[in-house]
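Dropping the structure in here first, questions after.
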Amino acid sequence: IATPSTLNSIDKRILAKTRGIAQTFFRSNLLKLWDGACSVTGVSDPRVLRASHIKPWKDSSNEEKLDRNNGLLLIPDLDVLFDEGLITFQPDGAMRQSPSFSLTDQRKMRIDRAFRLRHVTEEMQPYLEYHREQRFVC
């Protein structure tokens, strides 16, 4: 007999599996969009590249979750900094650092102030704007 708790458990497993399939699809599309390399540094070892949503998964519609224009392929350090809102990207792709991200830590992490996205499409602009306005720590 199916109880609410077993149904809830089944729902959670289905949701986790569905999210995994969606993430695999999203990552595959980002690898194509960014020519298999980090959106900023050009590092091309797929083992270290993270498929990162510009507008976070939890805040995205189903369509936005799979939209490759809502994604960056980043090395782990940049992925964490982006997710935490310590860096963001201007409409022209230039990287901007949060004032709360110390210059000392930036130097220790070898964050180059000249870092920028290798290319920016018009379709990425609303997502980048969302990140600047909602996620970036001023």
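Nothing charged except the Cβ atoms of Lys and Arg (+1) and of Asp and Glu (-1): what's the magnitude of the dipole of the range 83-138 about its Cα centre? Round to the nearest 20 debye. Could the numbers behind the result be given before it?
Numbers: 9 positive and 9 negative charges, 80 e Å.
Dipole size: approximately 380 debye.
Given L72, M124, V48, which one lies farthest toward the positive end of the charge dipole of the chain, if we put +1 on the Cβ of every Lys and Arg and -1 on the Cβ of every Asp and Glu?
Positive-most Cα among the choices belongs to V48.
Rounded to the nearest 20 debye, what is the charge dipole size of the chain about its Cα centre when +1 sits on each Lys and Arg Cβ and -1 on each Asp and Glu Cβ? Could the numbers behind the result be given before it?
On the way: 21 positive and 18 negative charges, 91 e Å.
In total the dipole reaches around 440 debye.
Also, I was wondering about something else. Against the longest alpha carbon principal axis of the chain, how many degrees, from 0 to 90 and to the nearest 10, is the axis of helix 4-33 turned?
Once rounded, one gets 40 degrees.
Out of residues 5 or more away from A94 or on other chains, whose amide H comes under 5 Å of its own, with H placed 1.01 Å from N in the peptide plane?
L117
In debye to the nearest 20, how big a dipole does the range 34-102 give about its Cα centre with +1 on each Lys and Arg Cβ and -1 on each Asp and Glu Cβ?
Value, rounded to 20: 60 debye.
Still on this structure, please answer the following. Apply the Karplus parameterisation 6.51 cos²θ - 1.76 cosθ + 1.60, with θ equal to phi minus 60°, to every residue of the range 104-119 and state each ³J(HN,Hα) to the nearest whole Hz, in sequence, with x for glycine and proline.
The phi angles translate into 4, 5, 4, 5, 4, 8, 6, 7, 8, 4, 8, 4, 7, 5, 5, 7 Hz.
Per residue of the range 45-50, what does 6.51 cos²θ - 1.76 cosθ + 1.60 with θ = phi - 60° give for ³J(HN,Hα)? Whole Hz please, x for Gly and Pro, Karplus curve as stated.
For the range 45-50, the Karplus curve yields 6, x, 5, 10, 8, 10 Hz.
Something else about it: For the range 30-138, evaluate the Debye formula with one uniform point scatterer on each Cα (no solvent term) and list log10 I(q)/I(0) at q = 0.22 Å⁻¹, rounded to two decimals.
Treating every Cα as an identical point scatterer, log10 I(q)/I(0) equals -1.28.
All of the numbers you see were taken from the coordinates with simple rules; none came from a lab. The model shown is predicted, which means the values in this text are computed figures rather than measured ones. Glycine also receives a Cβ, built like all others from the backbone with ideal geometry; neighbour counts cover every protein chain displayed.
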